[in-house]
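First comes the structure, then the notes that go with it.
What follows draws every value from the coordinates through simple rules; no lab data is involved. Quantities reported herein were computed from a predicted structural model and do not represent experimental measurements. Positions of Cβ are backbone-derived with ideal geometry, glycine not excepted, and every protein chain shown enters the neighbour counts.
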Number of protein chains: 2
Amino acid sequence: MFSGLSAFPLTPMNETRIDEAAFVGLIERLTTAGVDSIGALGSTGSYAYLTREERARVAKIAVEHAGNTPVIIGIGALRTKDVLNLADDAQKAGASGLLLAPMSYQKLSDAEVLAHFKAVAEAISVPLCVYDNPGTTHFHFSDELHGQIAELPNIASIKIPGVPNDPQEAKARVERLRALIPSHVSIGVSGDAFSATGLSAGCDVWYSVIAGLFPNTALELTRAAQSGNHAQAQQLSHRLQDLWAMFGRHNGSLRCIAAGAELLNLVDTPCLPLPLMSVQGEDRTRLATLIEQLHLS
Amino acid sequence: MFSGLSAFPLTPMNETRIDEAAFVGLIERLTTAGVDSIGALGSTGSYAYLTREERARVAKIAVEHAGNTPVIIGIGALRTKDVLNLADDAQKAGASGLLLAPMSYQKLSDAEVLAHFKAVAEAISVPLCVYDNPGTTHFHFSDELHGQIAELPNIASIKIPGVPNDPQEAKARVERLRALIPSHVSIGVSGDAFSATGLSAGCDVWYSVIAGLFPNTALELTRAAQSGNHAQAQQLSHRLQDLWAMFGRHNGSLRCIAAGAELLNLVDTPCLPLPLMSVQGEDRTRLATLIEQLHLS
């Protein structure tokens, strides 16, 4: 489950409700394409913006419509007690794995994050992926802390936020972390622009935002990397460079991917929770052109 | 209400419930001391960690026990629709004012923050304080954006995160913001170590964490500054420098103030929501000594 391509779909919503029909459509699009796992309620799935009840419902729908594809459910929250409840809900919904980011409001210490992961790891019965995303959590993991957490029960993967652009530096970065964690814990790259470099540097999995909307495009890149054809994977990533640049202009991928889903009529417009707004204006037009010209699917 | 000393108490809690009796004790301590306003459910009141129902209950208790002291209620949340509900609850509880920080998970744009404040400002019927706290929200206001928000209906104050240490630079910083906002909007300093400098630089109010636990100590400093005796205010702040240094060592004031309340038996131990932990070890012993030696009260 924590290898290959893990696709993170949107949770389409408006100010009144979650668009369950559109969400089912997104899940089925991923299983049809044949991704290796689905990460529902990731950052792209706006987990942080939903209530416990809404998250339990989304987890249930994702598992019900994913068929044989394993579903990983994001269980992050500010309070440890809320995370424990969310883990319980996700497991009852049939999640194959869980994903936990150390969300913060007050800046967290290493000791607090370790205790938080320990409380959760010891309470669950399915594998957990440690979600390292300083752009949203504002917590910076040291590799030493990753090593300590990776020794806890049920830890199965670490989702790192990216790798250096230079292939040798990327390899050194992955090897440094690899040396500090047990061999059964996989390392996954996120930050889609880093996928080809990360996979060729030794990452076992790509935790992918674009795969949540364009699974075939992301699978082509992943399968090339998995078969050792790293030059082709890099070419496929290079083809998408205008998309990566657009992510950079809009505080990350979410608002672009939401605009893409809206443009393709896979979701209603708008599909993000306010105050978040999908990309508008010139870049929206540019995105429509990119989807067509690059045959993103 | 948005002038003088505004005291921000803890919301004491454990993993099961809010300690309402202890919270009432903290509120009564503030009214007895004679603070100018009470800021319940600020960052120190752990607003971000509580459910809508818990926050409505805390707001109600604060207003009921504050007597004639105006109560400002924090209404921040990630979603605009949740903030609107929280504003409604706070107003129904009898809040005299509201406090709104642009909490974020996904990094916010200026346009998103402006639309967020506009939706809230136009929906409320009591004055709102704009809460600028990049340390917790990770949103950085430009003075120009402050100016735009300050023109919205019901905006009455801006809580800034601190001022430069140099008195002339502090004055210039406050004057720069003052020039961009209507005269009816007050400017308040927070970051307790900056209080004396901020008040002498022209801030109208001190939004104070230590006042939530040591209201008499904070009032002495505030009244000195208000009467134009800035040298005395600076001396009183200088006396507290070991406390400011301790805040610096523990990611801010919250974990120290929680330890102080625990040491004084004003709350049960622990009183913070996990994963947050009050200060332990040597600094906890040092804090006990400081409280005694400096007669903090």
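Side notes on the structure shown:
- Computed over chain A: relative contact order in percent, which uses C-alpha pairs under 8 Å that are six or more apart: 18
- Antiparallel DSSP beta bridges within segment A:1-122, percent to nearest 5: 10
- Label-point separation, B:Arg176 to A:Glu15 (7 Å along Cα→Cβ), nm: 3.5
- The HN-Hα couplings worked out from phi for segment A:200-208 by the Karplus form 6.51 cos²θ - 1.76 cosθ + 1.60 (θ = phi - 60°) are 6, 7, x, 5, 8, 8, 10, 7, 10 Hz, whole numbers, x standing for Gly and Pro.
- Copies compared at B:Pro153 - label distances in nm, ascending, label defined 7 Å from Cα in the Cβ direction: 5.7
- For the residues of A:108-115, the average number of beta carbons from a partner chain within 10 Å of their own beta carbon is 3.
- Mean per-residue shielding of peptide A:44-51 is 3, counting Cβ atoms of other chains within 10 Å of each Cβ.
- Per-copy distances of the A:Leu294 label point, shortest first, in nm (7 angstrom along Cα→Cβ): 5.5
- Summed over qualifying helices (DSSP H, 4 residues or more, each -39500 (n - 2.57)) and divided by its residue number, chain B shows a 222 nm mean residue ellipticity of -14000 deg cm²/dmol.
- With both labels modelled 7 Å from their Cα along Cα-to-Cβ, the B:Glu53 to B:His140 distance reads 4.1 nm.
- 20 Å Cα-Cα reach of B:Lys107 towards aspartates and glutamates, excluding residues that sit fewer than 8 places from it in its own chain: A:Glu15, A:Asp132, A:Asp192, A:Asp283, B:Asp82, B:Asp132, B:Asp143, B:Glu144
- Cut-off 17 Å, label 7 Å out along Cα→Cβ of B:Ser183, residues of segment B:122-162 by amide N: B:151, B:156-157
- Shown is the FRET efficiency for B:Glu28 and B:Asn229, computed with R0 = 22 Å from the Cβ-Cβ distance and rounded to the nearest 0.05: 0.15.
- Segment B:103-202: relative contact order as a whole-number percent, Cα under 8 Å and 6+ apart: 27
- Sequence-distant lysines (8 or more away, or on other chains) whose Cα lies within less than 22 Å of A:Lys60: A:Lys81, A:Lys92
- Inter-copy separations for B:Gly25, label at 7 Å along Cα-Cβ, nm, ascending: 5.7
- Amide H contacts of B:Ser186 (H built 1.01 Å from N, in plane; Pro and chain starts excluded): B:Ser157, B:Ile158 sit under 5 Å, all sequence-distant by 5 or more or on other chains.
- Hz values of 3J(HN,Hα) by residue in segment B:184-189 - Karplus curve (6.51, -1.76, 1.60), Gly and Pro given as x: 7, 8, 7, 10, x, 9
- Annotation: lysines with alpha-carbon distance below 25 angstrom to A:Lys171 (same-chain offsets under eight excluded): A:Lys159.
- Residues considered: A:Ala233, A:Ala33, A:Ala59. Largest GNM mean-square fluctuation over chain A, using C-alpha springs under 10 Å, is found at A:Ala33.
- With θ taken as phi - 60° and the Karplus curve 6.51 cos²θ - 1.76 cosθ + 1.60 applied, the whole-hertz 3J(HN,Hα) list for segment B:252-265 is x, 7, 4, 5, 6, 5, 4, 4, x, 5, 5, 4, 7, 6 Hz, x standing for glycine and proline.
- Estimated FRET transfer efficiency (A:Asp268, B:His295; beta-carbon r; R0 60 Å; 0.05): 0.45
- Of all DSSP beta bridges confined to chain A, the antiparallel ones make up roughly 5%.
- Shielding of B:272-280 by partner chains, average beta-carbon count, 10 Å: 6
- A simple packing score, the average count of other Cβ atoms within 10 Å per residue, orders the peptides A:179-186, B:199-206, A:167-174 as B:199-206, A:167-174, A:179-186, with the highest score first.
- Using Cβ point charges alone (K and R +1, D and E -1), the dipole size of chain B about the Cα centre works out to roughly 80 debye.
- Whole-number percent relative contact order across segment B:104-150, with pairs defined as alpha carbons under 8 Å at least 6 apart: 51
- The residues packed around B:Lys159, meaning those with a beta-carbon under 13 Å from its beta-carbon, carry a net charge of -3 if Lys and Arg are +1 and Asp and Glu are -1.
- Neighbours of B:Pro102 by Cβ distance under 9 Å: Lys/Arg scored +1, Asp/Glu scored -1, total -2.
- Estimated FRET transfer efficiency (B:Ala123, B:Glu151; beta-carbon r; R0 22 Å; 0.05): 0.85
- Scanning chain A for the beta carbon that comes closest to the axis linking it by rotation to B yields A:His138, 3, distance in whole angstrom.
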